[in-house]
1. Express the relative contact order of the chain as a whole percentage, based on alpha carbon pairs under 8 Å and six or more residues apart in sequence.
2. Please find the FRET efficiency linking LYS49 to HIS13, where r is the Cβ-Cβ separation and R0 is fixed at 25 Å, and quote it to the nearest 0.05.
3. For LYS74, go through the aspartates and glutamates and keep the ones whose alpha-carbon is under 20 Å away, minus same-chain ones fewer than eight residues off.
4. For mean projected area of the Cα convex hull in nm², the listed values are [x] 7.7; [y] 7.2; [z] 6.2; which was obtained by calculation from the structure presented?
5. Taking R0 as 35 Å, what FRET efficiency do you get between HIS80 and ARG34 from their Cβ-Cβ distance, rounded to the nearest 0.05?
6. Below 23 Å, Cα to Cα, which lysines can LYS15 reach? Residues fewer than 8 away in the same chain don't count.
7. Apply the Karplus curve 6.51 cos²θ - 1.76 cosθ + 1.60, θ = phi - 60°, to the phi angles in the stretch 70-76 and return the couplings in whole Hz, x for Gly and Pro.
8. Given only helices, namely DSSP H runs of n ≥ 4 each adding -39500 (n - 2.57), what is the per-residue ellipticity at 222 nm of the chain, to the nearest 500 deg cm²/dmol?
Amino acid sequence: MKDDAKHPDHGFHKKRLQRVRGQIDGISRMIDERRYCPDIVIQIRAAAKALQAIEAEIINTHIEGCVKTAIKAKNEKEIHKKIDEIMDLIQK
């Protein structure tokens, strides 16, 4: 859940998400064209890996920014909150 702190700008990820959207559209066309199953699966995996890479970058930004800030502030309540957020992300 978000707090009131200033959050980093993830706008640069939008370009990569647009690329993934293009991959998904391409997969949809492949299905419409009744393309070879393994070719479709390869494209699905490529899109999934691209999303995983974006996810990893955003988690890293969260740790390097939000979590680091809480630790530097030595606010135990905020530190535990950030740790809980990360654990929730890992477990989902």
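Read-outs throughout are calculated quantities, based only on the coordinates presented, and are distinct from any laboratory measurement. As the structure is a computational prediction, the values presented were derived from the model and not from experiment. Glycine gets a Cβ as well: all are built from the backbone with ideal geometry, and neighbour counts include every protein chain shown.
1. Numbers: 28 pairs, mean separation 26.8, N = 92.
It rounds to 29 percent for the chain.
2. Numbers: r = 15 Å, r/R0 = 0.60.
For R0 = 25 Å, the calculated efficiency reads 0.95.
3. Here the aspartates and glutamates satisfying the reach criterion relative to LYS74 are ASP3, ASP4, GLU64, ASP84, GLU85.
4. Evaluating mean projected area of the Cα convex hull in nm² on these atoms matches [y].
5. Values: r = 53 Å, r/R0 = 1.51.
The computed FRET efficiency comes out at 0.10.
6. Leaving aside lysines fewer than 8 places away in the same chain, those within reach of LYS15 are LYS6, LYS49.
7. Once θ is set to phi - 60°, the couplings for the stretch 70-76 become 4, 5, 4, 6, 6, 9, 4 Hz.
8. Values: 4 runs with 67 residues, N = 92.
So the helix-based figure for the chain works out to -24500 deg cm²/dmol.
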